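Heads up: the structure comes next, in structure tokens.
The values are calculated or read from the model by the stated rules, or taken from the named source; none is laboratory data. What you are looking at is a predicted structure, and each value in this text was computed from that prediction instead of being measured. No Cβ is skipped: glycine too gets one built from the backbone with ideal geometry, and neighbour counts run over all protein chains shown.
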Amino acid sequence: MMSVPHFAVPLGRSMRGGLVRVVLVLLLLTLSASPASAATGTYLRLGHLSPEAAEVDITVTATANPGTPVRITNVDYGSLLDYRRVDPGTYAVVMRPSGADPNSAPLSSATLNAADGKAYTIADLAKSGKVLDDDISLPPAGLARLRVINAAPVAAELDVVRSGTAVVRHATYGSSTAYVALAAGTARMQVLPRGADPINLDATIEPGAVYTLLVVERSGKPAASLRADAKGAEVVPGGGQETGFGGMAPGGPGLDWRLLGLSCLLVFSGLFLFRRQLFRFG
């Protein structure tokens, strides 16, 4: 009797390779689909931007844990501290002159309702506590994002020019401007305060980054500095300080359980289909 060729092994191997490739492709697509935002948590940054006090002590109190407020002492005027990871929730932030009684009247105060996956800056601007929404989401391809915080009383109003083109106009004292898109590259940036000399900055703007141009007053004159707030949709430095404000946030980046579950489902589905095809052709 003529024997019939048995093709089970070659066909099984081909089917197995195809299934593995399909699962890997789906898994990569799933991982790349995570949103471009503060994906690893909620972040808070504090700043002292009102020159009425050379230094301040800042108290942060979480509504969920009012018995353990956190104090940050001797914060200089013109400072923007690093981002800290916090839990979503409500926070009260109070600023007093450095060394003042914690129960004394504050210089300024603000309340933050922090949402999941967002970033914020709280600072005293023009004697008032203000909450700023920090848009650290990924800018369009090849672009960066910039805003201006004018914290210099001597600069009642200012413009910002880059390579001869105005990018921000009428940034008034005590305010934070809306974000504008900037092309990546190195170029001369000028801050033009009304009634004061221009401030020149030779700045390299990286694609995918978010910047704050901070203008403060030094010795009666405006001074400017460019700060990178985020790169690749993650706060700078390196995802922020994971210690939070005195344990107000869990340690380590957040885990996306939905993404993990979907990844496991894809893997197990691939294994099931492989076993099924193996029994059919084996």
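Filter the stretch 82-127 down to residues that are farther than 21 Å from N65 by Cα, loosely packed, with under 15 Cβ neighbours inside 10 Å and either β-branched (V, I, T) or in contact (Cβ under 8 Å) with a residue 60 or more places away in the chain (or both), then give me how many there are.
Number satisfying all stated conditions: 2.
Which of the following residues is farther than 20 Å from V60 by Cβ, without any contact (Cβ under 8 Å) to a residue 40 or more places away in the chain and not assigned by TED's automatic domain parsing to the domain that holds D57: L182, L143, L158?
Answer to the check: L182.
Within the stretch 49-103, track down each residue that is basic (K, R) and either more than 20 Å from the chain's Cα centre (by Cα) or under 24 Å from V148 (Cβ atoms) (or both).
R71, R84, R96 - these are the residues of the stretch 49-103 that are basic (K, R) and either more than 20 Å from the chain's Cα centre (by Cα) or under 24 Å from V148 (Cβ atoms) (or both).
Could you identify the single residue in R96, R85 that is under 19 Å from T73 (Cβ atoms) and among the basic types (K, R)?
Working: R85 fails: under 19 Å from T73 (Cβ atoms).
Residue meeting the stated conditions: R96.
Could you please let me know if R162 is of a type in the set (K, R), surrounded by fewer than 16 Cβ atoms within 10 Å (Cβ to Cβ) and modelled with pLDDT of 95 or more?
So R162 does not fit the description; no.
Identify, please: which residue in the stretch 197-218 is assigned to a strand (DSSP E or B), under 15 Å from V236 (Cβ atoms) and not hydrophobic (A, V, I, L, M, F, W, C) and is, among those, farthest from the chain's Cα centre (by Cα)?
My answer is T204.
Would you list the strands (runs of 3 or more DSSP E) that sit entirely within the stretch 71-175 and hold 3 or more residues that are on the phi > 0 side of the Ramachandran plot, touching a strand residue (DSSP E or B) at 6+ places or on another chain (Cβ under 8 Å) and hydrophobic (A, V, I, L, M, F, W, C)? First the steps, then the outcome.
Details: elements: 84-86, 89-97, 108-114, 119-125, 128-134, 143-150, 157-162, 165-172.
Because the criterion is at least 3 residues that are on the phi > 0 side of the Ramachandran plot, touching a strand residue (DSSP E or B) at 6+ places or on another chain (Cβ under 8 Å) and hydrophobic (A, V, I, L, M, F, W, C), no strands (runs of 3 or more DSSP E) in the stretch 71-175 meet it.
Modelled with pLDDT under 95, farther than 25 Å from E52 by Cβ and part of a strand (DSSP E or B): is that true of A181 in this structure?
No: the conditions fail for A181.
Scan the stretch 190-214 and report the pairs whose first residue is farther than 14 Å from R147 by Cα and whose second residue is of a type in the set (S, T, Y) and in a strand (DSSP E or B), with Cβ atoms within less than 9 Å and a gap of 6+ or a chain change.
L201/S225; D202/T186; A203/T186; A203/Y211; T204/T186
Which one of these is in contact with a helix residue (DSSP H, G or I) (Cβ under 7 Å, 6 or more places away or on another chain) and either among the charged types (D, E, K, R) or at pLDDT 95 or above (or both): R16, R71?
R16
Inspect the stretch 62-71 for any residue being surrounded by 20 or more Cβ atoms within 10 Å (Cβ to Cβ) and of a type outside the set (D, E) and give the result as yes or no. Working first, answer last.
At the first step, the residues of the stretch 62-71 found to be surrounded by 20 or more Cβ atoms within 10 Å (Cβ to Cβ) are 62.
Then drop every residue that is not of a type outside the set (D, E), which leaves 62.
Yes, that holds for at least one residue.
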